[in-house]
1. What accessible area, in Å² to the nearest ten, does a 1.4 Å probe give for residue 232?
2. Is the range 251-311 rounded, prolate or oblate when judged by the Cα gyration tensor, a ≥ b ≥ c being the square roots of its eigenvalues, rounded requiring a/c under 1.5 and prolate requiring a/b larger than b/c?
3. Of the peptides 81-90, 47-56, 233-242, 335-344, how do they stack up when ordered by the mean number of other Cβ atoms within 10 Å, highest first?
4. Give me the percent relative contact order of the range 36-91, please, defined on Cα pairs under 8 angstrom at least 6 residues apart.
5. Can you list the residues of the range 124-165 with backbone N under 17 Å from a point 7 Å past the Cα of residue 330, pointing along Cα to Cβ?
6. If you take the Cα Rg of the chain and divide it by 2.2 N^0.38 Å, with N the number of residues, what do you get?
7. Specify whether the C-alpha gyration tensor of the range 1-56 places it in the rounded, prolate or oblate class, a ≥ b ≥ c being the square roots of the eigenvalues: rounded for a/c under 1.5, otherwise prolate if a/b is larger than b/c and oblate if not.
8. Springs between alpha-carbon pairs under 10 angstrom, Gaussian network model over the chain: which of 176, 25, 69 fluctuates most?
Amino acid sequence: MRTQVGIIGAGPAGLVLSHLLHLHGIESVVLENRSRQYVQERVRAGVLEQGTVDLLKETGVGERLQREGLVHYGVNLRFGRRTHRIDFADLTGGKAVTIYAQHEVVKDLTDARLAAGGQVHFEVADTSIHNFDNSNRTSKPAIRFRKDGEPLELVCDFVAGCDGYHGICRPSLPEGILTTFDRVYPFGWLGILAEAPPSSEELIYAYHERGFALLSMRSPHIGRLYLQCRPDEDILNWPDAKIWQELQVRLAAEEKWKLVEGPVLQKGVTGMRSFVVEPMQYGNLFLAGDAAHIVPPTGAKGLNLAVADVRILARALADFYSTGRRDLLHAYSETCLRRVWKVQRFSWWMTSMLHRFDNENAFDHRRQLAELDYLTSSRAAAQSLAENYVGLPLE
Ligand code: FAS
Ligand code: PHB
C-alpha cells in the first residue's frame with residue numbers, strides 16, 4: 001500500500017487530521033486497532049471549545065453538532081453550598097463551549113471520511129513503524145500491520161502518531177530522544193452516565209470537603225456526573241445508590257435546588273495525570289493528541305488539545321506538499337508545545353483548586369477557598385478562567 005500520510009489511530013486526532021489533509025488534497029490512510037463500533041461507543045470527553053466547534057462547522061462536519069450540541073455561555077463554580085456563574089459571553093466577547101460527546105464527533109468524522117472515499121481501516125493488528133528517522137534517504141517511512149490476518153505494509157512520506165497514550169508510536173522513538181514530564185494525581189474520577197434530566201442548564205464544578213464533584217450532561221435527558229475518588233477505586237464498591245448519595249452531598253446547595261437521580265447507564269473510574277513528551281516529532285514521525293500529552297479532565301481540554309495539534313500538523317503538511325518547504329514541519333513540535341504547556345497549566349490549576357489532596361492541611365483548604373472567592377469576585381480572575389475554558393487562540 002502507498003499513501004502520502006500514514007495515520008495510526010482513529011480517535012479525534014487521527015480522524016480530524018485525515019479530514020483536514022483531504023481538504024488540502026493530501027492522501028492519507030488511517031489505521032485503527034479497535035472495531036468501528038468500539039471506537040464510536042467509547043464514552044470520553046464531552047466539552048468542545050469554540051475553536052474546535054468552528055473548525056468542525058467550517059470544514060463541513062458540523063451539521064449534527066449544530067443540531068444536537070448544547071451551547072453553553074457559562075459554567076458554575078459551587079463552594080460553601082453557594083453557586084457562582086462564570087459568564088463566558090460577557091468575559092470573552094461572546095464565545096461559548098458546546099456539549100457534544102467525543103464519540104459523536106468520532107462518528108461524524110468517520111462517516112465523512114468514508115463518504116469521501118477516505119481509507120479508514122479498523123481492527124488492524126500488530127502495528128509497527130519503520131524508516132521514519134530520516135537517516136536513510138532511499139527508504140521511505142513504512143507502517144507494517146495485519147488486516148484479517150494478512151501482513152501488509154503501508155509506505156508513506158510521513159507517519160502521524162495519533163494512537164493515544166497507550167499507542168506504539170511514542171515508544172518507537174529511539175532511546176534518549178524524548179524527555180518526559182509527568183505528574184500523577186493522588187485521586188481519580190468516578191464517572192457515570194445517567195438517564196436523568198440534568199439538574200442544571202450549565203455545568204457545575206463543586207469544591208467540597210469530601211472531595212470534588214462535577215455535574216455535566218450529554219443531552220437534555222442524559223446526565224454525565226463525576227466525583228473525586230481514590231485513584232485505585234474499585235467500581236464494585238460503588239453501587240448506584242451510593243454514587244447518587246455522595247453526589248447529593250457534594251453538590252448540595254443552599255438555594256432551592258435538587259439533584260434529580262435516575263438509572264445509571266454506565267460507570268467507571270479514570271486515573272488522572274499530567275503528561276508531556278518533548279519533542280513531539282522525530283524525523284518523519286509526528287506525535288499528536290494523547291500520544292504526546294495527557295491532561296487531567298478538570299479543564300475539559302484533552303480532545304480540544306488533540307484537535308489543536310492536528311490543525312498545526314495539517315497546515316505544515318499542506319505547506320510542504322504545495323511549496324516543498326519544510327520549515328512549518330520543523331517547527332511543529334515547538335508550535336504545539338507552546339499551547340500544550342499553557343493548557344497543561346490551566347488543567348493543573350483547575351485540578352489543584354477544586355480537589356482535596358490527602359497531603360494538604362487546613363491552610364491549603366482555606367487557600368483553595370480564597371482562590372475560589374477571588375475567582376468569583378474579580379472580573380480579571382474570572383476572565384482568565386473564561387478565556388482558557390472556551391479555548392486559547394490557536395497560536
Ligand atoms: P485517543 O486515545 O482518543 O485515540 C487513539 C486511537 O488510537 C484509539 O482509537 C486507539 O484504539 C488507537 N490505537 C491505539 N494503539 C493503536 C495501535 N497500536 N494501532 C492502531 N490504533 C491504535 N478529555 C476531556 O476533555 N474530557 C473528558 O471528560 C475526558 N474523559 C476521558 C476519559 C477516559 C477514560 C480517557 C482515557 C480519556 C478522557 N479524556 C477526556 C481525554 C480524551 O478525550 C483524549 O484527550 C482524546 O481521546 C484524545 O484524542 P486522541 O489523541 O485521538 O487519542
Ligand atoms: C464531560 O462532560 O465529560 C466533562 C465536562 C467537563 C470536564 C470534564 C468532563 O471538565
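1. Probe radius 1.4 Å; accessible area of residue 232 about 100 Å².
2. It is prolate, given that a/c is not under 1.5 and a/b is the larger ratio.
3. Packing proxy ranking, top to bottom: 47-56, 335-344, 81-90, 233-242.
4. Rounded, it is 18 percent for the range 36-91.
5. Zone members listed by number: 134-135.
6. Scaled against compact globular proteins, the figure is 1.01.
7. oblate
8. The residue that fluctuates most here is 176.
The values are calculated or read from the model by the stated rules, or taken from the named source; none is laboratory data. Just so you know, these numbers come straight off a predicted model, no measurement behind them. Cβ sites come from the backbone with ideal geometry, for glycine too, and all protein chains shown count toward neighbours. Accessible surface is based on the protein model in full, side chains and every heavy atom, while ligands, DNA and RNA are left aside. Shrake-Rupley method; radii C 1.70, N 1.55, O 1.52, S 1.80 Å.
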